[in-house]
Amino acid sequence: MPLELDFSTDPERLDRTLVHAWLSEHAYWAKGRPRATQDAAIDGSMNFGVYDRASGRQLGYARVVTDGVTFAWLCDVIVDPGSRGARIGVSLMEFVLATLDPLGLKRVLLITGDAHGLYERFGFERIDRPEDWMSRVGPNPTV
């Protein structure tokens, strides 16, 4: 029987300890991220949680940094390692985009090293003219 899922943007509902463990232990882009850094990122972002409706247990997380008008950066998308393969990531992405789309944002960006196929299902494409894009690594690149 498939899981019944519940979705929330309420940061108070997040299991911050669990989210930090997923990211700092299982996410190639956030391995070793300090808990204080993760908590600050949560506090400064829109947060999306997906939960097992029956138990209330958190099954996934995504974070969006946005001005709410023109731009958003989708990041820290992760599903509980023991719950992967049950379309939880797909459902989480549907919820995230259903929340963002009404804002009418000009652009939503993300970076992925291994999930291009997932994001392409939702209309993400490789960046046109990547030579125009620039990045600046800050003074503390390990967080």
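Brief remarks follow.
- Sequentially through segment 106-123, phi angles give Karplus couplings (6.51, -1.76, 1.60; θ = phi - 60°) of 5, 8, 10, 10, 7, 10, 9, x, 8, 10, 4, x, 4, 6, 4, 4, 9, x Hz, Gly and Pro residues having no value and appearing as x.
- With DNA, RNA and ligands ignored, accessible area of S83 (1.4 Å probe; Å², nearest 10): 10
- At 1.567 mPa s and 4 °C, Stokes D of segment 1-42 from Kirkwood alpha-carbon radius, µm² per second: 112
- Net charge, G49 excluded, C-beta distance under 9 Å - Lys, Arg +1, Asp, Glu -1: -2
- Rounded to the nearest 20 debye, dipole of segment 70-139 from Cβ charges on Lys, Arg, Asp, Glu: 60
- Alpha-carbon spread of the chain, three principal axes, descending order, Å: 47, 32, 27
- Residue ranking by accessible heavy-atom surface, 1.4 Å probe, largest first, among L92, L97, L18 comes out as L18, L97, L92.
- Accessible heavy-atom area order of H26, H20, highest first, probe of 1.4 Å: H26, H20
- Share of carbon and sulfur in the accessible heavy-atom surface of segment 97-143 [1.4 Å probe, %]: 51
The values are calculated or read from the model by the stated rules, or taken from the named source; none is laboratory data. Since we're looking at a predicted model, the values are computed, not measured. Cβ: placed from backbone, ideal geometry, glycine included. Neighbour counts: every protein chain shown. Surface areas here come from the heavy atoms of the whole protein model, side chains and all, with no ligands, DNA or RNA. Shrake-Rupley method; radii C 1.70, N 1.55, O 1.52, S 1.80 Å.
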